[in-house]
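Chemist: What follows is a single structure, and I will ask about it in a moment.
Derivation of every value follows stated rules applied to the coordinates shown; laboratory data play no part. From a predicted model like this one, the values you see are computed outputs, not experimental measurements. Because the Cβ atoms are built from the backbone with ideal geometry, glycine has one as well, and the counts that use them run over all protein chains shown.
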Amino acid sequence: MEPHERTAVIANAARLLQDAKLLFDHTRFASAFALAVLGVEEIGKVILDIWGSTATLSKPVVRRSAHIRKQAAVSSLLLASFAVSEFGTEVDDADEELIQRVAEAFRLSREGQLMSQVHGGALDKTKQLGLYRDD
């Protein structure tokens, strides 16, 4: 993706998120949520492009959709940002106690909970429910 294409995708993400806010302000919650997730996926598209690949880092047992990979890219960066703000960037000794503290902090954080929802497919399923009605 060329830099100008990234800019266009980011502008589209901003538009989707602004539209989601307008819908939210008018109590159109399902549509607002769906548009917000679409905005997150647009941001994820740019993140994956910057990372150089839309392929997963390891062979998954279950193949993730492109939508979930984009959501996961955004949640990964949010979790990394949380980790740096919570624990800093330098770790002298990765002892078991530190690993447990980090794991527990991740589990309890909003960022970690978002990642859990993304990997479980809940974010994508809820987005779909906001857009479609199945019989």
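Chemist: From the P(r) of segment 3-131, can you give the percent of Cα pairs sitting at distances over 19 Å?
Modeler: Everything past 19 Å amounts to 57 percent.
Chemist: May I ask you to derive the FRET efficiency for ARG133 and SER65 from their Cβ-Cβ distance with R0 = 25 Å, giving the value to the nearest 0.05?
Modeler: Once the sixth-power term is evaluated, E becomes 0.75.
Chemist: Another question, if that's okay. Between ILE10 and ASP25, what length comes free when the chain is fully extended (0.36 nm per residue of separation minus the Cα-Cα distance, one decimal in nm)?
Modeler: Extra length from ILE10 to ASP25 when fully extended: 3.1 nm.
Chemist: Here's another thing I want to ask about it. Tell me, what HN-Hα J-couplings in whole Hz come from the Karplus equation 6.51 cos²θ - 1.76 cosθ + 1.60 at θ = phi - 60° for each residue of segment 123-131, using x for Gly and Pro?
Modeler: Once θ is set to phi - 60°, the couplings for segment 123-131 become 4, 5, 4, 5, 4, 4, 5, x, 9 Hz.
Chemist: Turning to a different aspect of this structure: Relative to the first principal axis of the alpha-carbon coordinates of the chain, what is the inclination of helix 110-120, with its axis defined by its Cα atoms, in degrees from 0 to 90 and to the nearest 10?
Modeler: So the inclination is approximately 70 degrees.
Chemist: Follow-up question, since we're still on this one. Only counting other Cβ atoms within 10 Å, I'd like SER75, SER81, SER31 sorted with the fewest neighbours first.
Modeler: So the residues, fewest neighbours to most, are SER81, SER31, SER75.
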